[in-house]
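Here is the structure we will look at, set down as structure tokens.
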Amino acid sequence: MDPVEELEVDVDSLAQAQAQGAVVLDVRNPDEYEAGHIPGAKLIPLGELAARQEEIPEGDPIYVVCASGGRSLTATKAMVQAGYPAVSVAGGTKAWVETGRPVVTGMDER
């Protein structure tokens, strides 16, 4: 199996996991997050991830999301190397929106 495939899940898998209380970490920039994010997602921009490790939410796994999947895969690889049980959401927030799932605007994590 491709090592990248082991680090990625699709938005359907995220939706099922989120219904069970899964943790979602959004690694986009604050302006992107504010424009629309997955309900409950915690924002830690990719560039701040290393400095804010103590803020990474606990989850098994932690679902990492960005706009379309590139930054989240980068973050996931780094997090897995650091010992976090992380998976990247392929297609990111864009795929989440395209499949008609709810988004929240503003900086609130609700």
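The set of residues in region 23-50 being among the hydrophobic types (A, V, I, L, M, F, W, C), over 16 Å from residue 103 (Cα atoms) and outside any helix (DSSP H, G or I) consists of 44, 49, 50.
Flag: residue 68 matches the condition of being open to solvent by 60 Å² or more (accessible area, probe 1.4 Å), of a type in the set (S, T, N, Q) and either in contact with a Phe, Trp or Tyr (Cβ under 7 Å, 6 or more places away or on another chain) or not in a helix (DSSP H, G or I) (or both).
Of all residues in region 65-94, those being in contact with a Leu (Cβ under 9 Å, 6 or more places away or on another chain) and not charged (D, E, K, R) number 15.
Within region 67-84, residues that are in contact (Cβ under 8 Å) with a residue 40 or more places away in the chain reach partners that are open to solvent by less than 60 Å² (accessible area, probe 1.4 Å) and polar (S, T, N, Q) with beta carbons closer than 7 Å, at six or more positions or on different chains, in the pairs 69/88; 72/88; 73/88; 76/88. Contact map, region 10-38: first residue on the phi < 0 side of the Ramachandran plot and modelled with pLDDT of 95 or more, second residue among the small types (Gly, Ala, Ser) and loosely packed, with under 13 Cβ neighbours inside 10 Å, Cβ cut-off under 7 Å, separation 6 or more or different chains; pairs are 34/106.
For residue 101, are the conditions met, namely being surrounded by 14 or more Cβ atoms within 10 Å (Cβ to Cβ), among the charged types (D, E, K, R), in contact (Cβ under 8 Å) with a residue 40 or more places away in the chain and more than 15 Å from residue 25 (Cβ to Cβ)? Here the answer is yes, as residue 101 does meet what is asked.
The values are calculated or read from the model by the stated rules, or taken from the named source; none is laboratory data. Just so it is clear, the model here is predicted, and its values are computed rather than measured. Note: ideal-geometry Cβ built from the backbone for every residue, glycine included; neighbour counts use all protein chains shown. We work out accessible area using only protein heavy atoms, side chains counted, and drop any ligands, DNA or RNA first. Shrake-Rupley method; radii C 1.70, N 1.55, O 1.52, S 1.80 Å.
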